Amino acid sequence: MGIQAVRTNNFAATTFLDKVREIAPVIREYNDQAERERRLSKPVFNAMSEAGFFRMFNPASLGGLEVDPLTCARVGRDCPR
């Protein structure tokens, strides 16, 4: 058993990184509230849900988006803090 290279779906990567940029203003707007309450605000949760971020790791056979791990890491890196 060897290490397999992760193949990135460039379309998925571009799409999700574009979605991060689209919802970035919402994330920034509610950042202080999230820090105070130690959870995502409702508007940020809704924006992330509509963008499909919570289905990235789920397999397509279960209705997920089956996004590769590298793209998921890039999305997490690029989400505003």
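A short reminder: the numbers here are calculations on the coordinates, not readings from a lab. These numbers come from a predicted model, not from an experiment. As a convention, Cβ positions derive from the backbone with ideal geometry for all residues, glycine included, and neighbour counts pool all protein chains shown.
Convert 10 °C to kelvin, take the viscosity as 1.306 mPa s, use the Kirkwood radius over C-alpha pairs of segment 15-78 as Rh, and evaluate the Stokes-Einstein diffusion coefficient in µm²/s, rounded to a whole number. Calculated translational D: 128 µm²/s.
Helical content alone sets the calculated 222 nm signal of the chain at -18000 deg cm²/dmol, taking -39,500 (n - 2.57) per DSSP H segment of four or more residues and averaging over every residue.
Dipole magnitude of the chain about its Cα centre, charges +1 at Lys/Arg Cβ and -1 at Asp/Glu Cβ only, in debye to the nearest 20?
Numbers: 12 positive and 10 negative charges, 33 e Å.
My answer is approximately 160 debye.
Given 0.36 nm per residue, what is the gain on full extension from Q33 to C79 after removing their alpha carbon distance, in nm? Extra length available between Q33 and C79 comes to 14.9 nm. Here the extension length gained between R21 and S49 equals 8.6 nm, from 0.36 nm per residue of separation less the Cα-Cα distance.
Take each uninterrupted DSSP H stretch in the chain, measure its Cα extent along the helix axis, and return the ones at 20 Å or beyond whose mean Kyte-Doolittle hydropathy is at least -0.5.
On the way: long enough: 10-29 (29 Å, 0.11).
Flagged H segments are 10-29.
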